[in-house]
Every structure is written in C-alpha cells, then in structure tokens.
Amino acid sequence: MSAHILAIDDSRTIRTLLTVALENAGFTVTTAVDGVDGVDKFQDAQADLVITDVNMPNKDGFGVIEDIRSGDVNRAVPVLVLTTESGAALKERARKAGATGWIVKPFDDASLVSVIKRLTGT
Amino acid sequence: MSLPEEANQSKQLEFVTLVAGGQNFCIEITQIREIRRWSPVTILPHSPSHVLGVINLRGAVIPIIDLAEKLGFAKIEPSERHVIIISAIEERIVGLLVESVSEILGVSPDMVRETPRNSEDPTTRATPGIIPVGDDMTKVINLAALLPDQGQVAA
Amino acid sequence: MMTDGSILDAFFEECEDLLVALTEGLSDMRDGQADDETVNAVFRAVHSIKGAAGAFSLEDLVGFAHTFETVLDEVRGGRLDADENLLRVLQRAGDVLSDLVDAARNDTPADQDQVAPVLDDLKSFLGDEGVVEEEFVFEALTLSFDEPAAPNRYHVTFSPGKEFYATGNDPLLIIRALQELGNTTVEIDTSGIPDTFEGYDWASGYLSWKIDLEGPQNDLPILEVFQFVEDLCDLKVSNIETDDPADIPVPFIADEPEQVEPSDTVAPIEIASEATTPEPPKPQKKPTTEKQAKRSNATLRVDPERVDRLINAVGELIINQSVISQRLEEAALPNSSDLFADLDDYKLLAREIQEGVMAIRAQPVKPLFQRMMRIAREAADATSKDVTLLTEGEGTEVDKIVVERLADPLTHMIRNAIDHGIETPDDREAAGKKRDGVLRLTASQRSGSIVIEIIDDGAGLNRPRIKEIAIEKGVIAPDAQLSDQEIDHLLFAPGFSTAKEVTNLSGRGVGMDVVKTAITALGGRIAISSVRGEGTTFSITLPLTLAVMDGMIIFVGGQTMVVPITSILETIRPTDADLSPIGLSSHLLRIRGDYVPIIDLADRLGTPPCKKALTDRVLLLIQTETVAQCALVVDDIFDQRQVVVKSMQGNYGEIAGISGATILGDGKIALIIDPEAIAASAPSLQGQNAMQQEDPIHVTS
C-alpha cells in the first residue's frame, strides 16, 4: 500500500524536490503552497503523514500542526517539520505544537524516505 | 562502382526533382514543406532582384526567391504555370520559384556523387552533388549554401 | 540529493520571484510603508532561497543567505531597528544575493570582493553572536557499519508518555521498525493501567513494552527508530552482553509543565505575533480578506510559446474576420441584412479575445523599475552623487517583451542621467539646489500607448557643447543651423557621446544611439526636453502591444502599405497654394506658417515613381524625432484599421524603412512603413546620416 503524504512548503523548489523524492520512493504526494492551503488540503487529503515547512505566509508550520492536532479529522497523523535550523529551541517549539519529528533542510532523500517509511509503517 | 540498388533500400534518400533555367535539379525531400502554385507576391523595397517579394502562407510572411536567377540563369517570368517550393533552410522558411516540379526520386546515398569541380560558377557551388538518372543526371541543390542567412539583424 | 537540471531551473525561476518580493519589501521598508507582514515576507524570501539553495549545495548562496536571514530575523523580532543605515546594508545585501543567484545560475564563481564587504556589514549588526555556524551543519543520519561483528542483543524498555501520542506517534510503528532490525521478542506491560476508570485519561499512555532485539552491531539503528520520540517516552536501551545501558537524556518532559494538556493550552500561533515590538500601536495589520485575496491571486505558469501560439491564432482570427467583412461587402447584400449585425458581434468577440490574450502577456513594469533602483544606487555610489530615484506608475502593464527589452535602454538612461545629468552635491549647492538630486522614473498609459519618462532635476542639456561635439565628431556640418530640438536629438546620433572621458559608468561602449535603436525596434519613440539648470526629461512612447497596431492603409507605387497611426499628425490633400517648389523636383509644404520638407515615399522605397501631380496625391504629416516634422507623399489613403504585426526578420531580414508586415483582408501582405527610418534616410534632411549607410536602421546590438 502506498502511503499518502501531504507536503506543505511555500517554496516551489522544495515542493518539487519533496515530490520527486517521495514519488520515487512510491508514495503518493499532495502539495500545498502555504499553511492555510495545507490545512485546507489536509481536511480532504486523507494523508498518512504531513511534512510542513515552518516559515510560510498566511499560516506557519506550527499553526498547521496545531490546527491538525486540535481538529476532528485524523488528528493523530504524524507530522514532520521541515526546517533549516536544527537548534533546540526550534525543536522544542515544534514539539510543543505537536510535531512528530523534524527534517533538516537540505534533506537527504534516503533518510527522508526511511523516516517516512517508519512513521507510516510502510 | 556501386552496390546493386536493392542492397541499400532501407537507407534510401528521396529527392524532389525540378526544372529551373531549363536544367534538372533536385532538393532533398526533408527540406521541402510543400509545393504550391505561383500566386502574386508583395514586392519588397530595396531587395535583390532574385527576391520576388513575400507571400502569406497561413499567416506567416514567406519570401519568394527566383531559383533560376539565383542559380545564374535568366529570370523566370512568373505565371500561373510556375510552381513555388516552400522549403525550410535551418530556421527559415523560404519559397523557391521554379519552372516545374517533375517527380520524387528515391536513391541510395552512394548514388549521390560529388560534383566534379570544373568551374566556380554559382550553379556549381550551390550543387555539391549529382545523381545519374538514366542517360541524364540531376544536380542536388544545397539550399543552405545557395541562400545563406541574410541575417543582417542580430537583435 | 536530487540535482535534476529541470528542478534547478525551477529553483532559479523561483529565486527570481523571491528576489522581486525581497526588493519590493525592502523598498517598502525604506519608504516607511512596511508592516510586520512586509518584514516577514522579506525574511521568508531570503529564507526560501537559502532553504532551496541548500538542496543544490550552492554553498556561497546558502552562507550569504544565512547571515542575511539572521539579520532579518533580528529585525523581525524587534531586536534590531531597521534604521536608514541598516536598510542601506539590507538593500546591498539584496543586490549581492541577486548576484549570487546569477553566479550560481551561470555556474561562475561569485565575486568575493563584492560579497565580503556586505557580509561583514551584515555581521556587524549581529554583534558577538555573529553567525552561528552550527546551524547549518548537515544533520545527516550517518550509520556506520564498518565492523561486521557477531550480532548483538539489546534490551529495550519503552514507556511512551502522553506527549508521545499527542504528536502523532504510534507504538506499533516503533515496534515494527525495531522488528525490521532483527529478531525481536516483544512483551507488553499493562501494569500501568489504572484499576478503575475514575480519573482515567484517554489521551494518556498506560502501556509499556519490553523488547529483546538480536541483530544490530550497535545501538545507533535502535536510537534512530526513537529519533523523534526519545524525549517523549521512558526509554532504556541496553546491550545484554555488556549490560551497558545507553544513556538517553529525557529532559523535555521534566521541564515541561504544560505537557498535561498540550494542544489546548497552546494558543494558535501567528508568525507575525512573534515580533512583539514595544513600540506604539502600529497601523492595524492588513485585514485578512486582503490576505486571502492575495492568496487566490495565485499565478499560473505557462510556457510562453503556448501564449505566442494563441496570439498568432487570434491574429489569424482577426484577419479572418476582416476577410469575411470584405467578402460580405463585395457581395452587396442589402444593408438591413442580419449578417452585418452578426458580423459586428463577431468583430467585438474577436477583439475581446484578442485583448484577453494580450493581457496574458502584459506585465507590470514594477520589477523593471525595481532593477533600476539598484542601477541608480550603484551609479550614485560610483559617481559620489546623492541621488534619490522616485518611481511612479509601477503598476502600468506592458507587453512582456517590451518589459524585457526595456531593461538595457533604461539602465543606460538612468546611468546617463546620474553620470551626466545630475550635478555633484557641491555644484548643486552652488546652484542653489538641494544637495541630493532627484531622478523620477514614471510609467503611464496614454491613449493606446505607454509613456515612460526619466526626469532628472540636474543641469539640463548644454546645447552649445553638444553642437561643438557634434561638429568635432563630424556628425553635423560646422555651419549647420539647428533648432534646439534638433540639437537635443544629436544625442541619439550614432557615434555621439557627451562624456569627455570614459567613466566607469559610460565606458561600456554604448551611446544613446543604441538606446534609440532599441526603442525604435520596439515600435516606440523617444523624445527629449530640457531646460538649462532645471533638468532633462527623456520620454519614451511605446505601443501597448507589439502584436497589434493601429495603421493607416495607403497605396504607394501600386502596393498597399500601412503607416502607423501613432506617427501621423494629420493627412493633407494639398492644393497648389500649400506647395512651394524648391529646386527642380522638390517641394516644401507650407502649413500654418511653417515649411515642412516633403518626402516621396515611392522614391524612398524604390518603387516606380507616381506620375500624378502632388495635388492629386495625399500627404501624411509625420512627427519624427530626427527631423521634427516632414510630409510623406503617398498615392492615396484607403482606410484606418487595426493590423496584426508580423515580423519580417524571421524568414527574410531587415528592410530599410520597413518595420514589419501585416496580412490584409484579402490575404495579401502589406508592408508596414517605419516613418522614422524613412525620414532619417532622406538625404536632404540628415546630411551625414543619409543613404551612404547601406542600411540606416541597421541594429548594432
């Protein structure tokens, strides 16, 4: 079974990179261009996992996670935060918002895929 | 001197044979877009005399060139009986006015011989190859050499 | 890492958009029009470039963007005040970032002499903390399997806390992942479940697991499984052989008093709320409706070729419509026929489609103007002048090609205005002006044309000097009598340059003649007006679109041709009284007390001369830059209509005096006259620039 990933990032380049990496690994990918779009898409996307950027217009990545965790739909979905920082403060912030884990940009396709496989049980 | 014709059937080249200035020439078919009857042109100012003018070919502006004159023969007086060969030279589309178009000639590549260099007239320079046809022969026109890019314009 | 070329291309394309957003935001900040969201947008632009650049290992770009971003983050957080000084550095940094993107795109090394000073400036705002290099250390999960050894046995105890479940984790998936590492024995411990349901917390975890695992050489793969959750559970990993419990720090839970109800107590976080500046109330953030409007304004990326195909097809449609029109008229149907009404509808629809298609190509001049900001900044720096560039009408939309092709001429003109137009601060002061010069760049739409003006408040043109130089360089005869306007237009003469020495700025071997050629190639005109001591205005008039033009259909030497309406001042059917002979065959047109030279179009185009007397023909009074006014003689005029412009250059080449061609209703081609080139080629009017040049409109770019 191929897991469905919702990837939220305002950078077209990163969205493309994620899509390519994940689709090559056999996942189905839906992308969203910012936080609000991400939460919208999440409502109907039936995602098995969400990857979200932090710094985005309209709603940031933490806002996305909080919306997901406090919503009625699929609130326990694993959510990975995509970030350029690896500082403890960021991780704490992500954790507090309800993030499952974090991926540091630039990401390595293989480890990204292995993390996602683990978190989606595929 | 050459293999029997059948041996090279698969690699056959095709040429459209034509008459210009009363002589036989041919152009490789891949360089030809279409063949149409002569229609009146719009004359261009300051143009060389072999440039007859331009026509509208489905919305594109195509210059028409008197092939006979370009090859060094007398000017063709265009009439309804004459034919325009629309050809692609690199990126450009150009119409060539000729007296008539005869047939499509299929030959193997080794039938195309190099034109013996005996003169430097414009016809010889523009026809690097010849193909024997029966007792006669036809001359292969190199369009790119005949009509180098006028590209006065860099922009 | 993917390094697919097309993704890289997409990245550079995205960078372009981001750089525009960056420049826009920075200039809003400078103009004091910035709100929190502006600063955020600026930050995000740099951040996105950095993030994506990292994916392609563009180290220079990442490094610079990182420092840049760190400074912006300080500004965003209200810890750093965006004063004039900082804004100046930020703008420079924007320029450098743009250069670095270009360098990366062209795969050329960045110019460190440019980068380093700006980087230092940026760092100077960061104080001691400087740039935390650690932050972009690549956090790859490198596993070492160097020493294959006998399988080890590990004992893992794992008790997930409430937070573990609240963050989308599943113990089952963890156990499965462990099972993939080797043979496991899993034992569940349910002893934590309370005996009664009173006070039972459904969101909490009461279970724990004991897992024996045989397989991995070391504990790294096991720890990797717990990568994100090690602080969300009680975890012990011990090697059964060595009995050495791996030390798992679990500080998070202990320090976190709010963990009991995580998702409820955490207020929704808006990124802008981070910037809690202690300043007096700022203007309210833009209402959300506007944000949403922005969002729905999402753009669609289309291959320009597809748009061009559409434009061509619409062009054909318009031609087809005029063919049908003409046929219907020829059919001499009764005027009451419904067909004419239907045809009018068809015409309207075709125009509407055409406008719609053209709008696809239209782009605001804003990005172009923003590039000019930088040019002006650099030119002012290079000449040690104080110059403020003000822009107006940035929202004015022009055909994309026009925007692209205007960049070079505008660059040159801006540099020119700063280099030659605006005086040094001392000179300005001496002249009783403010020390800093003002350069205004404006765009506006005026009746079917776009007008772009470059207005400086500098010294104005020095006409005696211009004339002197023109004589020196042989552009005009020493005894030439020229009007002010004609002198001004000498600037555009080939080979003319007012610069006494080659400066840094104008040393690129281009003169104003190149500017003019570029504008003319776009179907535009350029005019100068200047007042000594007060400044100079260059005004460029461009057609709204390159693809369609309002034209006058004329007959010359048996051919149908088109003259652009924009250059025709009036059409005159002359009487003998209007004509004054000059020499044997020439005439001047007398109009409102002035004498205007008459140019025979047939003669200029080399078509057979018209036998008819001048009074039986038509004069088109033309306004040109080179020779003020002149009158073109044509055999007759026919009609005025919109024509679709076709280039002659693709299949043929440039023709002197002809700017293009169009296809008329009957399917025939009509050439479009370039009145400017025709006038310029008239020997009587332009001694030096006349026909001895084989091709007076030769493009030298």
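The values are calculated or read from the model by the stated rules, or taken from the named source; none is laboratory data. This structure is a prediction, so every number in the text was calculated from the model and none was measured. With ideal geometry, Cβ positions are generated from the backbone for all residues, glycine too; neighbour counts draw on all protein chains shown.
Whether a residue is at the interface with chain C (Cβ under 9 Å from one of its Cβ atoms), of a type outside the set (D, E, K, R) and surrounded by 22 or more Cβ atoms within 10 Å (Cβ to Cβ) was assessed, and A:Val39 does not pass this test.
Return yes when C:Ile353 is under 30 Å from C:Ser567 (Cβ atoms), surrounded by fewer than 20 Cβ atoms within 10 Å (Cβ to Cβ) and either touching a Leu at 6+ places or on another chain (Cβ under 8 Å) or modelled with pLDDT of 90 or more (or both) and no when it is not. Yes: the conditions hold for C:Ile353. Being in contact with a Leu (Cβ under 9 Å, 6 or more places away or on another chain) and either within 14 Å of chain C (Cβ to nearest Cβ) or closer than 17 Å to C:Lys668 by Cβ (or both) is the filter here; which residues of segment B:57-89 pass it? Within segment B:57-89, B:Pro63, B:Ile64, B:Ile65, B:Pro78, B:Ile84, B:Ile86, B:Ser87, B:Ala88, B:Ile89 meet the criteria.
Assess whether A:Gly26 counts as being more than 14 Å from the chain's Cα centre (by Cα) and either of a type in the set (Gly, Ala, Ser) or buried (at least 18 other Cβ atoms within 10 Å of the Cβ) (or both). Taking the combined requirement at face value, the residue satisfies it. Selection within segment C:639-663: residues that are touching a strand residue (DSSP E or B) at 6+ places or on another chain (Cβ under 6 Å) and outside any strand (DSSP E or B). The member of this set that is farthest from the other protein chains (Cβ to nearest Cβ) is C:Val645. For segment B:63-85, check the following and say yes or no: at least one residue is more than 18 Å from B:Val19 (Cα to Cα) and β-branched (Val, Ile, Thr). No, there is no match, as no residue in segment B:63-85 is more than 18 Å from B:Val19 (Cα to Cα) and β-branched (Val, Ile, Thr). Residue count for segment A:57-83 under the criterion of being at pLDDT 85 or above and more than 7 Å from chain C (Cβ to nearest Cβ): the result is 9.
I'd like the residue in segment C:14-34 that is at the interface with chain A (Cβ under 9 Å from one of its Cβ atoms) and free of Cβ contacts under 8 Å to residues at least 40 places away in the same chain and, out of all such residues, is nearest to C:Leu86 (Cα to Cα). So, considering only residues that are at the interface with chain A (Cβ under 9 Å from one of its Cβ atoms) and free of Cβ contacts under 8 Å to residues at least 40 places away in the same chain, the one nearest to C:Leu86 (Cα to Cα) is C:Leu18. Among the residues of segment B:30-42, some residue qualifies, meaning at least one is buried (at least 21 other Cβ atoms within 10 Å of the Cβ) and within 14 Å of chain C (Cβ to nearest Cβ).
With respect to C:Asp674, is the statement that it is modelled with pLDDT of 80 or more, surrounded by 20 or more Cβ atoms within 10 Å (Cβ to Cβ) and more than 10 Å from chain B (Cβ to nearest Cβ) true? In short, yes.
None of C:Glu37, C:Glu69 is over 22 Å from C:Arg374 (Cβ atoms), within 11 Å of chain A (Cβ to nearest Cβ), among the acidic types (Asp, Glu) and surrounded by 16 or more Cβ atoms within 10 Å (Cβ to Cβ) except C:Glu37. Selection within segment C:22-34: residues that are surrounded by fewer than 18 Cβ atoms within 10 Å (Cβ to Cβ) and in a helix (DSSP H, G or I). The member of this set that is nearest to the chain's Cα centre (by Cα) is C:Asp28. Candidates A:Val73, A:Val29, A:Val113: the one that is among the β-branched types (Val, Ile, Thr) and within 23 Å of C:Phe226 (Cβ to Cβ) is A:Val113. If I filter segment A:63-77 for residues that are touching an Asp or Glu at 6+ places or on another chain (Cβ under 8 Å) and under 20 Å from A:Thr122 (Cβ atoms), do I get at least one hit? The answer is yes; a qualifying residue exists. Can you confirm whether B:Val98 is more than 29 Å from C:Ile678 (Cβ to Cβ), at pLDDT 90 or above, β-branched (Val, Ile, Thr) and surrounded by fewer than 21 Cβ atoms within 10 Å (Cβ to Cβ)? So B:Val98 does not fit the description; no. Of the strands (runs of 3 or more DSSP E) that lie entirely inside segment C:523-583, those containing 3 or more residues that are of a type in the set (Gly, Ala, Ser) span C:525-531. Restricting C:Ala470, C:Ala459, C:Ala477 to those that are crowded, with 20+ Cβ neighbours inside 10 Å and modelled with pLDDT under 85 reduces the list to C:Ala470.
Scanning segment C:182-211 for residues that are in a loop (DSSP other than H, G, I, E, B), touching a strand residue (DSSP E or B) at 6+ places or on another chain (Cβ under 7 Å) and closer than 18 Å to C:Val229 by Cα returns C:Gly205, C:Leu207. When C:Ile598 is tested against (1) in contact (Cβ under 8 Å) with a residue 60 or more places away in the chain; (2) touching a Leu at 6+ places or on another chain (Cβ under 8 Å), just one condition goes unmet, and that condition is (1).
Being over 22 Å from B:Glu34 (Cβ atoms) and assigned to a strand (DSSP E or B) is a description that applies to B:Ile130.
Residue by residue, here is whether (1) more than 13 Å from chain A (Cβ to nearest Cβ); (2) touching a residue at least 12 places away in the same chain (Cβ under 8 Å) holds:
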position: C:Val42; (1), (2): no, yes
position: C:Lys50; (1), (2): no, yes
position: C:Arg79; (1), (2): yes, no
position: C:Val96; (1), (2): yes, yes
